[in-house]
Amino acid sequence: MKKHKPQVIAGCVVAVSLICGMIGTTWQAIRAEHEADRVREEEKKTKEALVLADRNRDEAELNLVRSFLRPLGYNNNGMEPAELVALDELSNRLTITSNNYSWKKP
């Protein structure tokens, strides 16, 4: 052992370095996997929020249409000029098909 002591020490240093490298790499891989899971969860929440925002926008647009059309049932003396202008603008922007509608952006 005394004769080969420098080589044994060098071999031990290399072995310890390799083991430390494997431990560090494994630790970083675990951290990366946890971060990827967090990002996937955030992406899922973002998609759900976008779907909810789309639904809310659709509901708001439908409420807008209803607010434009509501005066029609309450006004027996004809429509006011402002109502005619609002309905004309609405008809230019809205396409209604059965129970669905689409809104053209101005």
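Some values worked out for this structure:
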read-out	value
Selected residue [on the phi > 0 side of the Ramachandran plot and at pLDDT below 85] from S102, S98	S98
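Let's see how each residue does on (1) modelled with pLDDT of 95 or more; (2) surrounded by fewer than 11 Cβ atoms within 10 Å (Cβ to Cβ); (3) in a helix (DSSP H, G or I):
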| site | (1), (2), (3) |
| --- | --- |
| K3 | no, yes, no |
| I23 | yes, yes, yes |
| R57 | no, no, yes |
| N77 | no, yes, no |
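The values are calculated or read from the model by the stated rules, or taken from the named source; none is laboratory data. As the structure is a prediction and not an experimental result, all values here were calculated from the model. Counting neighbours? That spans all protein chains shown, and the Cβs are built from the backbone with ideal geometry, glycine included.
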